[in-house]
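Reading through the structure tokens given below for one structure.
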Amino acid sequence: MLYNVDRAMRSITAGAGTIFSLICLITIVHIILIFFGNYSKTDYFQSGTSATMVLLSSQILFLLLAYTLTLMFNKRLLLEIKTQEEKYSKAFHSSSYAITLIRISDGRIIEANEGFCKQTGFRSDEVIGRTTLDLDLWVDDKNRALGILEVESAGRIHDREYQFKNKS
């Protein structure tokens, strides 16, 4: 987590790697104390100061390790989400096809790409927050109703062609 990691990920894994290194160091100290110290007692309630400090510090470090591992995984997931979002955004905005994201609950347009703007003649600020009915885009309102039913039942519309009006 400290050395065999890509430079971009090193800042994310450094905390957990440092805590893990400290745990290894405490464990080595514990082993040395067992072999060379006075560890004839196995009763932890009557152990010496060094044994108590080793056990206490190792337990605190294990808690910190769990916390830093959780943070590390969350940061890594957020980084992956950001990467996927960038890929989606590039594909969405660079497509020549007319693509819109519409909220099913009220039919409001959330996002429209440049292909949609070129084909319909609307600017994106004119369509975001409005419905396709407000913009009068559908040539046949029956197709709109069928499209909504298909999205609600299948989760998407695939391999369908519809006729739309443009701004003019």
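The values are calculated or read from the model by the stated rules, or taken from the named source; none is laboratory data. Since the structure is predicted, the reported quantities are computational estimates derived from the model, not experimental observations. A quick note on method: Cβ atoms are made from the backbone with ideal geometry, for glycine too, and the neighbour counts reach across all protein chains shown. All accessible areas refer to the heavy atoms of the entire protein, side chains included, with ligands and DNA or RNA removed. Shrake-Rupley method; radii C 1.70, N 1.55, O 1.52, S 1.80 Å.
Numbers below:
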| read-out | value |
| --- | --- |
| Loop-located chymotrypsin sites (Phe, Trp or Tyr not before Pro) in the range 100-168 whose Cβ has at most 13 other Cβ within 10 Å (DSSP) | TYR162 |
| Between 0 and 90°, nearest 10: helix 7-36 axis offset from the chain longest Cα axis | 20 |
| Per-residue SASA entry for THR18, accessible area with 1.4 Å probe, Å² rounded to 10 | 70 |
| Heavy atoms of LYS75 accessible to a 1.4 Å probe, total area in Å² rounded to 10 | 100 |
| Euclidean distance of C-alpha centroids, the range 1-38 and the range 114-156, integer Å | 57 |
| Positive-pole candidate from PHE122, ALA154, TYR67, dipole of the chain, charges at beta carbon | TYR67 |
| Percent breakdown of C-alpha pair distances by 5 Å bin, ordered from the shortest bin, for the chain | 1, 7, 11, 12, 10, 7, 6, 6, 6, 6, 5, 5, 5, 5, 4, 3, 2, 1, 0 |
| Full-extension gain in nm, SER153 to LEU71, via 0.36 nm per residue minus C-alpha separation | 25.7 nm |
| Two-site label geometry, ARG10 and LYS165: point separation in nm, points 7 Å out along Cα→Cβ | 6.1 |
| Relative contact order of the chain, defined on C-alpha pairs under 8 angstrom at six or more residues apart (%) | 14 |
| Expected 222 nm ellipticity per residue - DSSP helices of 4 or more, -39500 (n - 2.57), all of the chain, to 500 | -21000 deg cm²/dmol |
| In degrees, nearest ten, helix 49-94 long axis to first principal axis of the chain (Cα) | 20 |
